[in-house]
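What follows is calculated from the coordinates using simple rules that are stated; it is not laboratory data. Just so it is clear, the model here is predicted, and its values are computed rather than measured. Glycine also receives a Cβ, built like all others from the backbone with ideal geometry; neighbour counts cover every protein chain displayed.
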Amino acid sequence: MFSDWHSALKRLALIFLALLLAGWLSGAPALVLLIGTVCYLIYHLLQLGKLYSWLKDNEMSEPVPPPESKGIWGYIFDGIYLLQRREREALLELRSIIDKAQESTAALEIAVIMINSKSGLEWWNPAATRLLGLQNPQDRKQAVTNLIREPVFIEYFNKANFSRPLNLSAPGDSSVMLEFQITSFGEGERLMLVRDVSQLHKLEMMRKDFVGNVSHELRTPITVITGYLETMMDDRNNLPQRWIRPIEQMAQQSRRMENIIKDLLTLSQLETRATSKDQSTIQLLSLLREIKNDAEQVFSEKQHRITLNCAEHIQIKGNLNELYSAVSNLVLNAAKYTPAQGHIALDVIQNNNGLKISVTDDGPGIEPQHIPRLTERFYRVDESRSSDTGGTGLGLAIVKHVLARHGGKLEIRSEPGKGSEFICHFPPERVTPALI
Ligand code: ADP
């Protein structure tokens, strides 16, 4: 570039010297200089004209090679042509990437929807049209909550907590179950992925029905067996000596089986029944008193010190049986696993985040690696300890389900050797009177 520029400057200097010489020889230097400058200007104007019409031609069609030119203008024409070619190549590459991205998203079974920061639909793939009926261009820029009007979806979308996907039947077709997963990106934009999980949902329903039906069918036979065994035990004096021990064990195991079936039925009802409509306002203190008395009676021989700390006026909205079963599971667990004369505390704390019911004991505590798995069905820290105490391994799963149905969650804190604390968290809207 510098050589072009230098030779252009050199050429200009030579022309200027030649003009000066011609002017000196002709005796009219000013006139010769003027004529020379005008010619020079006309040359550059002509080159500018060439550049203008070439750029104009290029705007309309495929890139046209630059006009022939020498010196600095030749360099300018070639430079612009090179830049144009590079830009065109980059554009073609970008277009092919976009085409490929569009082709691949078109082939996806999963619906991909881009939502802008104002909750408007920006772009979607054909699967979104298939699954959600989105129409282009009518639905572009429409608010997503105008098109999917289910209150659960609107709540999920507005809450902006997308850590878990949402399952919902497809708009206009209740036989299709869709799973919505949203991720945030850019400045307030969201990417929504929707997939058809009808098959999985069907299998899950079959599993729930199966567990429900089996537990239901087993309940009567097991009750009959337990009943007869208990009667035989009541009449143990008339039994041959060698039968007493086996019958005692049979009675104990059938009682355990009865408890497992009862808990399985409760769990399956919690899973399959819609959130119960018979929500009542429950006096928390009297509910907890009742649970405390039960635990004291059931474990009277262990002589625990059970303390209760709950303000008199607190009421909680929910299903009485479910809440009773959740809190009583925690208190009975505390009593079950805490050695004799231990301390169990039932504390209720209300604050701006809602309500906490905490059940603390100074029992054996739980190793940290078990804590995340405690609410899984049949998960037991210590199989022998749990079956000694008649545990079913389903208690904490029931607690977790009940709390979820009340918009709450279970928190477990424990340290081996020091004791455990099980905290039920409830959202503020479940509690009256509200804190101001
Ligand atoms: P289980 O019927 O076996 O008690 P749960 O689901 O109620 O089943 O509890 C799961 C496991 O958690 C129990 O087997 C027990 O090991 C442990 N666990 C529950 N509560 C306590 C507690 N208060 N202290 C120590 N361990 C506990």
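What the table below lists for this structure:
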item	result
Distant-in-sequence amide H partners of Leu178 (H built 1.01 Å from N, under 5 Å)	Leu168, Ser169, Ala170, Val197
Leu308 long-range amide H proximity, modeled H, under 5 Å	Leu346
Above-threshold pairs, the threshold being 19 Å between Cα atoms, out of Lys208/Lys400; Lys159/Lys202; Lys356/Lys418; Lys10/Lys70; Lys356/Lys409	Lys159/Lys202; Lys356/Lys418
For the stretch 367-381 and the stretch 42-87, distance of Cα centres in Å	76
Degrees, to the nearest 10: 29-60 long Cα axis against longest axis of the chain	40
Estimated [θ] at 222 nm from DSSP helical runs (n ≥ 4, -39500 (n - 2.57)) normalised by residues in the chain, nearest 500	-18500 deg cm²/dmol
Volume in Å³ per residue [convex hull over Cα atoms, computed for the stretch 165-259]	151
The stretch 41-118: trypsin sites (Lys or Arg not before Pro) falling in loop per DSSP and having at most 15 other Cβ within 10 Å	Lys70, Lys118
C-alpha long axis of helix 2-26 to longest principal axis of the chain, angle in °	20
Choice from Asn167, Asn146, Asn333 showing the highest fluctuation, given a GNM over the chain with Cα pairs closer than 10 Å	Asn146
Three principal axis lengths of the stretch 277-405 [C-alpha, angstrom, descending]	40, 30, 25
Dimensions (Å) - the stretch 1-114, Cα atoms, principal axes, largest first	89, 27, 24
For the stretch 231-242, Karplus couplings with θ = phi - 60° (6.51, -1.76, 1.60), whole Hz, Gly/Pro x	4, 4, 5, 4, 9, 4, 5, 8, 8, x, 3, 6
Choice from Leu320, Leu374, Leu17 with maximal GNM fluctuation in the chain (Cα, 10 Å cutoff)	Leu17
Cα-based helix-to-principal-axis angle, 71-107 vs the chain, degrees rounded to 10	20
Residue of Phe157, Phe180, Phe16 that the Gaussian network model of the chain assigns the largest fluctuation, springs spanning Cα pairs under 10 Å	Phe16
Loop-located GluC sites (Glu not before Pro) in the stretch 123-195 whose Cβ has at most 16 other Cβ within 10 Å (DSSP)	Glu187
Under-5 Å amide H pairs with Gly363, H placed in peptide plane, nonlocal only	Ser420
Cα centroid separation - the stretch 151-201 against the stretch 248-281, whole Å	32
Rg and Dmax [Cα atoms of the chain; Å; Rg one decimal, Dmax integer]	40.9, 154
Per-pair calculated FRET efficiency, R0 = 25 Å: Asp99 and Gln135 via Cβ, rounded to 0.05	0.65
